[in-house]
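Working notes, beginning with the structure itself.
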């Protein structure tokens, strides 16, 4: 698993992977700027309180919230955008490290859209779940354990299915997942860690897909 992660990070210098990273971050940044501008316009045209001090204070709080809250979901949005190109990420990794595999099954736009939507929902769930669990950590010390247990399973399963579905029938992929649940779960925990580290989390979708390609190929060989 460590070797698979090292290979995934090493290939981030590939221009094709860097292009996908730039697209995801640029679109997410554009959405954040657009939301901030819309919030600024709305606050300048809406009066919340008759008292000018109260209205100004509320406007400042809402304005800061409009800037900060979307940042919590910035990684989720970037992940959603990049997920449309994760199949290409797998192609790039396989072409370099597993040239004997041949072409993978082409995914239809419907499958890509469904997979991308699932990634978005999983990432939103991961983001929402992380906040209260970290609060629990302060009092009970269980937050991190629960976070990595739940999110590790979700992320491990999603990335495993993304990679496995390219070259395996659904029944075969399901059996491979069930027989290696512990290892895939642990890989998901590693992916979850990537998503928790600021700045590094912007590369996490591409890194995770490349990482899981190596993991799945290793499981298939075994």
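The values are calculated or read from the model by the stated rules, or taken from the named source; none is laboratory data. Worth saying up front: this structure is predicted, and the values here are computed from it rather than measured. Virtual Cβ from ideal backbone geometry, glycine too; neighbours counted across all protein chains shown.
Could you figure out which of (1) at pLDDT 65 or above; (2) assigned to a helix (DSSP H, G or I); (3) surrounded by 12 or more Cβ atoms within 10 Å (Cβ to Cβ) isn't true of residue 100?
(3)
Does residue 39 meet the test of being modelled with pLDDT under 75, more than 18 Å from residue 85 (Cβ to Cβ) and buried (at least 16 other Cβ atoms within 10 Å of the Cβ)?
yes
Is region 82-89 home to any residue that is surrounded by fewer than 20 Cβ atoms within 10 Å (Cβ to Cβ), modelled with pLDDT of 70 or more and either at negative phi or touching a strand residue (DSSP E or B) at 6+ places or on another chain (Cβ under 9 Å) (or both)?
Within region 82-89, one or more residues are surrounded by fewer than 20 Cβ atoms within 10 Å (Cβ to Cβ), modelled with pLDDT of 70 or more and either at negative phi or touching a strand residue (DSSP E or B) at 6+ places or on another chain (Cβ under 9 Å) (or both).
State whether the residues of region 151-163 include one that is buried (at least 18 other Cβ atoms within 10 Å of the Cβ), at pLDDT below 90 and over 22 Å from residue 217 (Cα atoms).
Looking for residues that are buried (at least 18 other Cβ atoms within 10 Å of the Cβ), at pLDDT below 90 and over 22 Å from residue 217 (Cα atoms), one finds at least one in region 151-163, hence yes.
So which of 50, 94 ends up being out of contact with any strand residue (DSSP E or B) (no Cβ under 8 Å at 6 or more places or on another chain) and either closer than 29 Å to residue 219 by Cα or modelled with pLDDT of 70 or more (or both)?
Only one candidate passes the filter, namely 94.
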